[in-house]
Each structure stands twice: as structure tokens, then as C-alpha cells.
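Reading through the C-alpha cells given below for one structure.
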Amino acid sequence: MTEAAKPPAQLVRIDSSNAQGEAVSVIHPDTGEILELKDATDQQLAEWILAVRSWEANARTAKAFVSREAHRRMDADAKWSRPLAGGMTLRGESPEVVEYDADALRAELLALIKEGKISADAAKDALKREVVYTPSKRGINALLKLGGDVKARVKACASPKERRSLKVEGGER
């Protein structure tokens, strides 16, 4: 391996004496400087977030290159599981792994059922239906305006969001 600038192994320091185990400082991914959270300015927090986003993007790109190389080696050996030192195993997918377009598959399965070539049960086993319910803020707000029992029961289903988003607008990295 070629020697290069080494990013910090950990970007956060947690105060173990803190009952919540909250972070008290973070390490800047580019400079290695420690940023004490309670003393940091808004500018410093925003710059840290931008630096980490850039670092994450670079890490994703690097991971993709490394993954491609590992798959190239596995494909060349036609072995997609490689035992490594320390009890680790590197596993990859064979190049024959495919994905199906659910809408196109559904149309073909319905046609095959109609033609009598497969049963409805076979089609059901090949394509699972998932229903996902997503709360609609607009609809919920309308219900809350009704007040009384409706409002109370809808509000009873709410809980504080565990991870809130934070945006840094402007500023280039």
C-alpha cells in the first residue's frame, strides 16, 4: 500500500460519564482537528457537516472501486466466496445475479395464467405484493383540525422523530 494522508479512524468522541452517552466532540475528517460541540460556532458545525458529506461521497466512490476489483478477482476464479485471515470471509455475487422489473413481470405472469401455462399460485409465489403505509402530513394536519377525540387519537400515534434532518445550503466543497 502506498503511504497517504490518514483520515481519523473515529470521527466522534463520546463522554462515557455522560448518562446519555452523547458526543462531546467530533474530529474534522480533513484536518484531524477536534471540534468541541458545545463551544463550536454555527459556522464550524456547518463546515464540519460539509466536510463529512464530501468524505462520505469519496468513501462511497472508493468502496465502489474496491468492490469492483474484488468482484473482478472472484469472477476470474469463478469463486464468489474467499476465506481470509482472522476468520473473515469475503463474499460477492456471481455475475448471473439479475433483478426483475416487477410491473413487466406481473404483466407476463397474468398473460401466462390466462394462457393456462401457469397457475395463479405459481404467479403468487413469483411476485409478492407489498403494501406500504406512509403517513401524509397534509392529511394528518386536516384530521388534527377536527379537534376533540379525532385529534387526540391521531396525536396518540405520534412520537418524536429520532433523527432530524439538517441541511447546509450554499458553500462549495
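What to note about this one:
- Ile140 being surrounded by 10 or more Cβ atoms within 10 Å (Cβ to Cβ), out of contact with any Lys or Arg (no Cβ under 7 Å at 6 or more places or on another chain) and part of a loop (DSSP other than H, G, I, E, B): no
- Test: residue in the stretch 161-171 that is assigned to a helix (DSSP H, G or I) and not aromatic (Phe, Trp, Tyr): no
- For the residues Glu108, Glu47, the requirement of being at pLDDT 90 or above, over 30 Å from Ala126 (Cα atoms), among the charged types (D, E, K, R) and not in a loop (DSSP other than H, G, I, E, B) singles out Glu47.
- Some residue of the stretch 91-107 being surrounded by 13 or more Cβ atoms within 10 Å (Cβ to Cβ) and either within 22 Å of the chain's Cα centre (by Cα) or among the polar types (S, T, N, Q) (or both): yes
- Any hit, the stretch 39-46, residues being farther than 30 Å from Arg91 by Cβ and touching a residue at least 60 places away in the same chain (Cβ under 8 Å): yes
- Residue within the stretch 70-93 that is touching a Phe, Trp or Tyr at 6+ places or on another chain (Cβ under 8 Å) and assigned to a loop (DSSP other than H, G, I, E, B) present: yes
The values are calculated or read from the model by the stated rules, or taken from the named source; none is laboratory data. As the structure is a prediction and not an experimental result, all values here were calculated from the model. We place every Cβ from the backbone using ideal geometry, glycine too, and count neighbours over all the protein chains shown.
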